[in-house]
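Notes to accompany the following structure.
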Amino acid sequence: MQLSLPPQNVHLTYCTNIHAGESWDEVVASLDETIPVLRKKLELLDGQAFGIGLRLSAIAADSLARPAVLQEFKAQLQRLDAYVFTINAFPYGPFHTVRVKEQVYLPDWRDVERLRYTRQCALILSQLLPEGMEGSISTVPGAFKSETQTADAQHQIVSQLIEAVAMLAQLEQQSEKCIALALEPEPCCFLETMAETTAFFCGQLWAQDSISRLAELCTCTEAQAARLMRRHLGVCYDVCHAAVEFEDPVSAMQTLTDLGIRIPKIQLSCALRIPVMHAGMLNELRRFDDGVYLHQVVVQNQDSLQRYTDLPAALAAYQAGEADGEWRVHCHVPIFWDSEEQLSSKLGSTRTDLLATLQALRRQDLSSHLEVETYTWDVLPAHLKTESKAHAIARELSFIMKELLT
């Protein structure tokens with residue numbers, strides 16, 4: 001949906017990674033089932049197009065790339081009065097019902113298959129974007145941190161991303177559609193904190209060697225290559241991920257903007273928050289250990305941060321006499337939840353960070369693509385799922401629209 005804010009027009013959507021299904025047929029079915037319900041609940045009139053944040057697995061992207069299938073999808077979009085402006089190309093493989101955890105980053109940006117898959121998604125998006133509209137593709141933040149400890153691994157990531165920028169620049173020349181790739185910082189990844197992210201852009205991606213290589217690939221001057229790097233590569237700012245790191249979202253995005261690092265997409269999301277960890281929380285938190293997703297934990301104790309790769313490790317540390325303090329857990333919870341209404345007096349969420357982000361968007365041009373991303377709906381504790389998935393999505397979008405427009 002397109003919303004008119006004082007700084008600019010923005011496109012708001014939800015990410016379809018909330019729906020289980022890896023094949024293209026399953027994606028088609030989920031859109032036919034959900035979009036009409038959302039249009040009705042949001043009271044969208046005919047002619048008010050519904051923006052879609054499309055999650056494509058590798059097998060779905062390969063199917064959709066076929067001309068006949070793509071034409072069928074264009075017809076479906078017309079029937080649904082919808083359009084696609086952003087693609088989530090982060091999870092390459094299965095994302096529901098099976099153990100995902102650290103496998104979600106594979107293939108990472110060291111692997112040529114990640115580049116091939118991203119190119120496929122970019123080609124698809126270039127054919128779906130409405131005229132005059134820019135597109136965005138969110139992707140993994142390089143790789144899982146343990147896989148990036150060598151200079152060679154980081155060189156591979158940089159090299160592949162330069163290839164991706166060259167591909168997007170060529171695609172814009174051919175299609176006249178500008179698409180930006182957006183690296184999504186996440187706890188326990190190569191790009192985790194804002195300091196790591198800005199250092200990577202300024203120190204490696206924007207380094208002289210990188211710009212010279214891009215100029216060779218694009219057959220252009222280095223000054224032109226530097227502009228292409230900033231035009232086609234930026235950051236997908238996930239508010240949940242930043243909140244887990246105890247980072248202020250408005251300050252972080254202002255830092256990116258001041259440095260000239262583009263924010264092609266902001267993912268509007270909330271994490272679990274435990275203001276003061278205590279023994280009574282152990283069983284409550286175990287209910288969120290779903291065995292599917294990686295739930296990284298960051299604990300703030302006085303002036304220090306302790307990081308744990310997954311929830312079981314953090315719980316074990318607490319039982320061993322460690323990890324006292326405030327906990328932030330990488331578990332996306334519906335953004336309309338608060339401790340009084342939906343969770344409990346023991347649990348909270350980082351909704352304050354989200355509200356600060358929305359207030360900033362009302363006065364600053366930070367990004368034109370906004371995407372609600374609460375993909376964990378199917379694995380949340382049963383007692384917290386008090387409504388249908390479609391109704392929950394509608395509530396989330398309504399919440400964002402109210403905060404932005406009133």
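Tabulated data
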{"item": "Residues of the range 296-320 satisfying the condition of being buried (at least 17 other Cβ atoms within 10 Å of the Cβ) and in a loop (DSSP other than H, G, I, E, B)", "result": "Q296, T309, D310"}
{"item": "Any hit, the range 135-142, residues being small (G, A, S), at pLDDT 95 or above and at positive phi", "result": "yes"}
{"item": "Residue tally, condition assigned to a helix (DSSP H, G or I), among the hydrophobic types (A, V, I, L, M, F, W, C) and either crowded, with 20+ Cβ neighbours inside 10 Å or touching a residue at least 40 places away in the same chain (Cβ under 8 Å) (or both), over the range 112-160", "result": "11"}
{"item": "Selection status of S251, under 24 Å from I18 (Cα atoms), hydroxyl-bearing (S, T, Y) and either open to solvent by 10 Å² or more (accessible area, probe 1.4 Å) or modelled with pLDDT of 95 or more (or both)", "result": "no"}
{"item": "V235, sole failed condition from (1) open to solvent by less than 10 Å² (accessible area, probe 1.4 Å); (2) farther than 20 Å from E373 by Cα", "result": "(2)"}
{"item": "Which numbered condition Y293 misses (of (1) in a loop (DSSP other than H, G, I, E, B); (2) aromatic (F, W, Y); (3) farther than 21 Å from C15 by Cβ)", "result": "(3)"}
{"item": "Residue in the range 396-403 that is more than 16 Å from Q267 (Cα to Cα), surrounded by fewer than 14 Cβ atoms within 10 Å (Cβ to Cβ) and not aliphatic (A, V, I, L, M) present", "result": "yes"}
{"item": "Residue list for the range 189-216, restricted to those being open to solvent by less than 20 Å² (accessible area, probe 1.4 Å) and not in a helix (DSSP H, G or I)", "result": "C189, L191, E192"}
{"item": "E326 vs. criteria out of contact with any helix residue (DSSP H, G or I) (no Cβ under 7 Å at 6 or more places or on another chain), surrounded by fewer than 19 Cβ atoms within 10 Å (Cβ to Cβ) and either modelled with pLDDT of 95 or more or not basic (K, R) (or both)", "result": "yes"}
{"item": "Which listed residue, of E172, E186, is closer than 21 Å to E147 by Cβ and open to solvent by 10 Å² or more (accessible area, probe 1.4 Å)", "result": "E186"}
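For every residue, the table says whether it meets (1) modelled with pLDDT under 95; (2) closer than 27 Å to A360 by Cβ; (3) touching a Pro at 6+ places or on another chain (Cβ under 7 Å).
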residue: Q267; (1), (2), (3): no, yes, no
residue: V276; (1), (2), (3): yes, no, no
residue: A279; (1), (2), (3): yes, no, no
residue: R287; (1), (2), (3): yes, no, yes
residue: V297; (1), (2), (3): no, yes, no
residue: L305; (1), (2), (3): no, yes, no
residue: L315; (1), (2), (3): no, no, no
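The values are calculated or read from the model by the stated rules, or taken from the named source; none is laboratory data. Note that the coordinates shown come from a computational prediction; the quantities given were computed from them, not determined experimentally. Here the Cβ is made from the backbone with ideal geometry for all residues, glycine too, and neighbour counts use every protein chain on show. Each accessible area value is taken on the protein alone, full model and side chains, heavy atoms only, with ligands, DNA and RNA left out. Shrake-Rupley method; radii C 1.70, N 1.55, O 1.52, S 1.80 Å.
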